[in-house]
Amino acid sequence: GNSVTQMEGPVTLSEEAFLTINCTYTATGYPSLFWYVQYPGEGLQLLLKATKADDKGSNKGFEATYRKETTSFHLEKGSVQVSDSAVYFCALRSGTYKYIFGTGTRLKVLA
Amino acid sequence: NAGVTQTPKFRVLKTGQSMTLLCAQDMNHEYMYWYRQDPGMGLRLIHYSVGEGTTAKGEVPDGYNVSRLKKQNFLLGLESAAPSQTSVYFCASTPGLAISYEQYFGPGTRLTVT
């Protein structure tokens, strides 16, 4: 079946550090891939998405590239800020109603 | 547009009590979902609906019922609350079947069952 695996947290970084959160997936067909962010006390909100192989999604300085050959969709940001502290979820959708979410990675950025 | 709204935001129930969580969306979305979020377990799908008048079970449906009498509303009911149902509940919607569509989430309902 379809699945998403993302790195366990928490991830603690200093402000302006480089961020990578790994995400790999297993899916039949050609899924769409998503990164969602959840700030404390809030619901999930879409950060970026990619709908076909080699697409790069980007938003607010975050980027992720849909790599079919490695079944990966790693999230990166060149310089994190304290305001990026949140939980990040990788997700996929493949041909049905269902979205498959990873377990989330908590990021803490220190000033 | 308000997007996806949920009421109430917080609730404390005693074991055995019942309640209904309301989700409303103003985006004319076809599909709606209820999830629960527990520490270390990500999101788990409780029930979902692919259109007005339809509902279906997700991964963890036991102890919950749902109804979708109007396209914009999706209700989640707990008939006899148990402490294991203490969680944060999220509603989400998406326009329809195309896999490129993302989900839109509500702000959540934090439920405590004592």
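So what's segment B:33-114 giving for Cα Rg divided by 2.2 N^0.38 Å, two decimals?
Expressed relative to 2.2 N^0.38 Å, the Cα Rg reads 1.09.
Between Rg and the Kirkwood Rh of the protein assembly as shown, both from Cα atoms, what is the Rg to Rh ratio?
On the way: Rg = 17.6 Å, Rh = 18.1 Å.
So for the protein assembly as shown, dividing Rg by the Kirkwood Rh gives 0.98.
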- Note on the structure: Per DSSP, the loop-located trypsin sites (Lys or Arg not before Pro) within segment B:10-114 having at most 12 other beta carbons within 10 Å are B:14, B:70
- Excluding same-chain residues fewer than 8 positions from residue A:77, which lysines have a Cα within less than 25 Å of its Cα? A:49, A:52, A:56, A:60, A:68, A:108
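With only alpha-carbon pairs counted, each pair once and no self-pairs, how large is the Kirkwood hydrodynamic radius of chain A in angstroms?
Numbers: mean 1/r = 0.0717 Å⁻¹.
Taking the inverse mean of 1/r over all distinct Cα pairs, chain A comes out at 13.9 Å.
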- With only alpha-carbon atoms counted, please give the Rg and Dmax of segment A:61-111, in Å. 13.3, 42
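Under a Cβ-Cβ cut-off of 9 Å, what is the net charge of the residues other than residue A:99 that fall near it, where Lys and Arg count +1 and Asp and Glu count -1?
Details: positive: A:93, A:98; negative: B:102.
After counting each charged neighbour, the total is +1.
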- Neighbour-limited loop hits for chymotrypsin sites (Phe, Trp or Tyr not before Pro), segment A:1-69 (at most 10 other Cβ within 10 Å; DSSP other than H, G, I, E, B): A:18
- Message: Shape verdict for segment B:8-63, please, from the Cα gyration tensor: rounded (a/c under 1.5), prolate (a/b greater than b/c) or oblate.
- Response: prolate
- Would you mind pulling out the separation of the Cα centroids of segment B:89-114 and segment A:62-82, in Å? 24
- Message: Using only alpha-carbon positions, what ratio does the radius of gyration of segment A:1-40 give when scaled by 2.2 N^0.38 Å?
- Response: 1.49
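Readers should treat all values here as calculations from the given coordinates under stated rules, not as data from a laboratory. No experiment lies behind these values; they were computed from the predicted model shown. Virtual Cβ from ideal backbone geometry, glycine too; neighbours counted across all protein chains shown.
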